[in-house]
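Here's the structure, in structure tokens; my notes come after.
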Amino acid sequence: TGLITYDPGFANTGACLSSITFMDGEKGILRYRGIPVEELAEHSTFKETSYLLINGRLPSQEELRNFSIMLNDHSLVHEDMKTFFQNFPRASHPMGILSAMVNALRSFYPELQTTEEEINFTVTRLLAKVRTMAAMSYKISRGHTVVYPRPDLAYCENFLNMMFHTPVKPYAFVPEVVRALEVFWILHADHEQNCSTTAVRVVGSGRVNLYAAISAGISALWGPLHGGANQAVVEMLSQIHRDGGDYKRAVERAKDKNDPFRLMGFGHRVYKTYDPRAKIMKKMCDDLLAALDFQDPLLDIAKELEEVALKDPYFIDYNLYPNVDFYSGIVLRAIGIPTNMFTVMFAIGRLPGWIAQWKESMDDPQWRISRPRQIYKGPTETHYVPIDQRG
Ligand code: CMC
């Protein structure tokens, strides 16, 4: 009909009603279920924040205890899945492996997901297993023996142990590292209708199973303009470092409209000011590196680059500020996470958000299958020409 609105990238489309995450892009505000992300980063854990997002409120002590027990109970993955991991080529990107394996969970756990109890099982299974699968793909890519989850360890410690434990060296739990990981995941836990969450909702709207919808979210997150930006930022900073540290050149290139180069970790569809997550992440870089007594030349380059960019009229006019990905890679490097696992770390963090959004869409009385229209600009009616008569 003539009423179709053309809105590239859905920049002005409110596709759903949601009570999960509030963002104010002008003021730089982010709240999960009404709670400022700064408060959660200071006081909460990733497990508790996941509960908050998925269930709509903070848990009582008993609810949190039961949630932990459930996460522990479901943390192992089916032994047969190991064969799949082992047969991916060594150079495979862990995001491709993760999205394929999350989709494969449906074959290993084919229970129906119709009653509330079944849905809760599936949700817990995903939260518990994604962490195990991520660590497993890393260990296998290094040719190491897989480390199984331990019931006595909390969510973040368990992940760190599965990643870094070797038969000769048990992973030492440096409290600052554990806290940095908690905060990293809390800051990524939801961000309203971003590209990957939209993918989860759109794919889920056809009433596909949760694993398939989440697998679509993981694929969407992989892109360098979205979650892949954390890897792209560190690659960009490393390149600047290798080339002698000329960060001003990167700023000049980003401004040049004939150069496709963009300053990775800068700019955001919604934030027209400093991303509140980037503020926390930047401070965390300083605190973590100081606690570990670790010097990272990339942090110096990042800070200098930020300073120059924020004074530049181009960045001022376009409202381009650091986003969450600008400093997050430096935190991950300090923890010892390899660069190609950065976006997997983002995916683990975003998982509760995707789940909460999927659940909300399933319960939405206004639910309709996602099916946008288009403005057609192809040929008008034309006719089939047999192959022997084509010029
Ligand atoms: N460097 C240089 N110029 C930029 C940048 C940048 N990082 N970001 C936007 N611009 C310019 C862009 O060239 C365009 O200019 P013009 O109007 O003259 O063509 C203008 O700003 C608007 O850009 P856009 O691509 O239309 O804006 P958008 O809202 O569609 O895209 C964005 C937002 C995040 C994709 C974009 O800012 C970008 O590509 N940033 C770099 C990648 C990045 O850091 N992504 C992580 C985003 S935050 C976490 C997440 O979502 O995962």
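Given Cα positions, please report Rg to Rh for the range 215-281, the hydrodynamic radius being the Kirkwood one.
1.00
With Rg and the Kirkwood Rh both taken from Cα atoms, where does Rg over Rh land for the range 178-320?
Here the Rg-to-Rh quotient is 1.01.
Between I4 and A91, with labels modelled 7 Å along Cα→Cβ, what's the label distance in nm to one decimal, could you check?
Once both label points are built, they end up 4.2 nm from each other.
What accessible area per residue, rounded to a whole number of Å², is obtained for the chain using a probe radius of 1.4 Å?
Result: 50 Å² of accessible area for each residue.
Taking θ as phi - 60°, what are the ³J(HN,Hα) couplings along the range 24-36 by the Karplus curve (6.51, -1.76, 1.60), each to the nearest whole Hz, with x for Gly and Pro?
Working through the residues one at a time gives 10, x, 7, 9, x, 10, 9, 9, 9, 6, x, 8, x Hz.
Whole-Hz Karplus ³J(HN,Hα) for the range 83-94, in order, using 6.51 cos²θ - 1.76 cosθ + 1.60 and θ = phi - 60°, x for Gly and Pro?
4, 4, 4, 5, 9, 6, x, 3, 7, 4, 6, x
Determine, from the Cβ-Cβ distance of Y318 and T380 and an R0 of 35 Å, the FRET efficiency 1/(1 + (r/R0)^6), rounded to the nearest 0.05.
Step by step, r from the Cβ atoms, then E = 0.35.
Considering only protein heavy atoms and a probe of 1.4 Å, how much of the accessible area of the range 190-302 is carbon and sulfur, as a whole percent?
52 percent
Give me the one-decimal nm value for the distance between modelled label points at L64 and R242, 7 Å along each residue's Cα-to-Cβ direction.
Roughly 4.5 nm, to one decimal.
Along Cα→Cβ, 7 Å out, is where each label goes; now give me the distance between the ones at E39 and T13 in nm to one decimal.
The two pseudo-label positions are separated by 3.4 nm.
Under the classification rounded if a/c is under 1.5, otherwise prolate if a/b is larger than b/c and oblate if not, where does the range 175-256 fall, given a ≥ b ≥ c as square roots of the Cα gyration tensor eigenvalues?
oblate
Mind checking the log10 I(q)/I(0) for the range 103-240 at q = 0.09, 0.12, 0.16, 0.20 Å⁻¹? Debye, one equal scatterer per Cα, no solvent, two decimals.
Ignoring solvent entirely, the Cα scatterers give -0.35, -0.62, -1.09, -1.41.
Out of the GluC sites (Glu not before Pro) in the range 283-391, which ones are loop residues according to DSSP with at most 11 other C-beta atoms within 10 Å?
Hits after loop and neighbour filter: E381.
Decide, for the range 1-84, between rounded, prolate and oblate: order the square roots of the alpha carbon gyration tensor eigenvalues as a ≥ b ≥ c, take rounded if a/c falls under 1.5, and otherwise choose prolate if a/b is larger than b/c, else oblate.
oblate
When the helix-only estimate is applied to the chain (DSSP H runs of n ≥ 4, each -39,500 (n - 2.57), divided by the residue count), what is the mean residue ellipticity at 222 nm, nearest 500 deg cm²/dmol?
-17500 deg cm²/dmol
Amide H to amide H under 5 Å from F266: which residues, 5+ apart in sequence or cross-chain, H placed 1.01 Å off N in plane?
Long-range HN contacts for F266: N323.
Taking loop as defined by DSSP and a crowding limit of 12 other beta carbons within 10 Å, which trypsin sites (Lys or Arg not before Pro) in the range 350-389 fit?
R368, R373, K377
By its C-alpha gyration tensor, with a ≥ b ≥ c as the square roots of the eigenvalues, how is the chain shaped: rounded for a/c under 1.5, else prolate for a/b larger than b/c, else oblate?
rounded
Rounded to whole Hz and in sequence order, give me ³J(HN,Hα) for the range 223-228 from the Karplus expression 6.51 cos²θ - 1.76 cosθ + 1.60, θ = phi - 60°, writing x for Gly and Pro.
Couplings: x, x, 7, 10, x, x Hz.
Counting pairwise Cα distances across the range 40-168, what percent come out greater than 22 angstrom?
41 percent
Check each of the trypsin sites (Lys or Arg not before Pro) in the range 57-154 and keep only those in coil by DSSP with at most 14 other C-beta atoms within 10 angstrom; list them in order.
Sites meeting the loop and neighbour criteria: R57, R90, R142.
Using a 10 Å cut-off on Cβ atoms, rank the peptides 325-335, 33-43 from the highest mean neighbour count down.
Output ranking for 325-335, 33-43: 325-335, 33-43.
The values are calculated or read from the model by the stated rules, or taken from the named source; none is laboratory data. Remember, it's a predicted structure, so these values are computed and weren't measured experimentally. In this analysis, Cβ positions are derived from the backbone assuming ideal geometry, glycine residues included, and neighbour counts consider all displayed protein chains. Just the protein is used for accessible areas: all its heavy atoms, side chains included, with ligands, DNA and RNA removed. Shrake-Rupley method; radii C 1.70, N 1.55, O 1.52, S 1.80 Å.
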